[in-house]
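Chemist: First the structure, which I've put down as structure tokens, then a few questions once you've had a look.
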Amino acid sequence: MDHPRLQTQRPLPGRPCSVAAGLQLIGDRWALLVVRELLFGYHRFDELAHNTGAPRDRLSARLRALESYGVIERRPYQERPTRYEYHLTEAGWDLGPVIQALRAWGDRWAVDEPPMVFHHSCGHEFAATVTCAHCDRPLRADEMVPESLAPGWDVREPV
């Protein structure tokens, strides 16, 4: 691993799991919507509040938490009074595909009509997919075979 691991808030109960650890850091609505807006290029508090619909106190708390986790960073843009913009770190940018996958799922299952479409720089409409890095085939859950690397656990339960 060539980068520092983000620190979770506390030890997690149950199966050791990267999904659970990731959700502990960014698993609430406001955190993901903040990341969405930063990916769209909106960096100021008022823009984030307006575009996410988050209550200002919750947005402030979520921005502080995302900064403490290393997902975003603050940068001053005004001196008197001091005001900050928020920008994604490398860890934050790596959430881009997660946001796109969630958008694709929401387009299919959560809304009647997609409210937005994305175009890739190749000129075509963007469609999020997950493929195997080795064979380039699309992900199919029934082709996945888990192997537990967590001490004291096999695939099914603690041992």
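Chemist: What nm distance separates the two modelled labels at E73 and L23, each placed 7 Å from Cα along Cα→Cβ?
Modeler: About 3.1 nm, to one decimal.
Chemist: Oh, and also: To the nearest 500 deg cm²/dmol, what mean residue ellipticity at 222 nm is calculated for the chain from DSSP H runs of n ≥ 4 alone, each contributing -39,500 (n - 2.57), summed and divided by the residues?
Modeler: -11500 deg cm²/dmol
Chemist: What span do the alpha-carbon atoms of the chain cover on each of the three principal axes, reported in whole Å from largest to smallest?
Modeler: Largest to smallest, the principal-axis extents are 58, 42, 32 Å.
Chemist: Now, a different point. Can you give me the distance in nm between label points at S121 and W93, each placed 7 Å from the Cα along the Cα-to-Cβ direction?
Modeler: Spacing of the two 7 Å Cα→Cβ label points: 1.2 nm.
Chemist: I need the calculated FRET efficiency for the pair L39 and C135, taking r as the beta carbon distance and R₀ as 30 Å, to the nearest 0.05.
Modeler: Calculated transfer efficiency: 0.55.
Chemist: Rounded to whole Hz and in sequence order, give me ³J(HN,Hα) for the stretch 84-90 from the Karplus expression 6.51 cos²θ - 1.76 cosθ + 1.60, θ = phi - 60°, writing x for Gly and Pro.
Modeler: Result, ordered by residue: 10, 9, 10, 9, 6, 8, 4 Hz.
FYI, it's all coordinate maths here, none of it is from the lab. The model shown is predicted, which means the values in this text are computed figures rather than measured ones. Ideal geometry is used to build each Cβ from the backbone, glycine not excepted, and the neighbour counts take in all protein chains shown.
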